[in-house]
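Here's the structure we're looking at; comments come further down.
Nothing in this text is a laboratory measurement; each read-out follows from the coordinates by a stated rule. Everything numeric here is computed off the predicted structure, so don't read it as measured data. With ideal geometry, Cβ positions are generated from the backbone for all residues, glycine too; neighbour counts draw on all protein chains shown.
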Amino acid sequence: MKRYEVFPSKYLKAADLGGKPAIVKISAVSYETLKSPEGKEQNKTVLAFAGTKKLLPLNMTNWDAVANVAGDDTDQWPNKKIELYPTTTQMGSKIVECVRIRKPSAPKEPKLPVVADDDLDDAIPF
C-alpha cells in the first residue's frame, strides 16, 4: 500500500492525480481555517470540484493560478474549469510533490498535411 492509501485525506494530493493532469470544474469556493505543517492556524481559500469529494486548499501560488484562469473574484470561480497537474516544489530543505493549476489545455486540432503549390495537379486524367 502507498502512504496516501494508508492515511487518506479529504484534501487533494498530487498522488491522487495518478501522475496525470486532470481538468476539473469548480463547484464551490469556501474560506476555512486550517493548520500549517508547523501547527499554526491559517485561513485558506478551499476549492470543491464537481464529481469528487476531495477539496483543494490554495496557497498563494495556486490562488494566483486560479485567478489567472477564472478572474480575481472568488465569487466568479464556481463553474469555471481549471487543469490540475502534479509536480514538485521545494518546501524548506525538501523537494515535495504538489498540485499546481493552469488554464485547461485546448484539444489539439488535427494537423492537415502540408502540400506545396507545385505538388498540386488539378488536371483531370481522361
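Distance between the pseudo-spin-label points of S27 and K2 (7 Å out from Cα toward the beta carbon): 2.2 nm. Dipole magnitude for region 26-92: about 300 debye, using +1 per Lys or Arg Cβ and -1 per Asp or Glu Cβ, origin at the Cα centre.
Normalised by 2.2 N^0.38 Å, where N is the number of residues, the C-alpha radius of gyration of region 26-89 stands at 1.12. Considering only G39, F49, N68, and ranking their Cα positions along the charge dipole of region 19-80 that arises from unit charges at the beta-carbon of Lys, Arg, Asp and Glu, the one farthest toward the positive end is F49. Taking the inverse of the mean reciprocal distance over all distinct Cα pairs, the Kirkwood hydrodynamic radius of region 62-105 comes to 11.5 Å.
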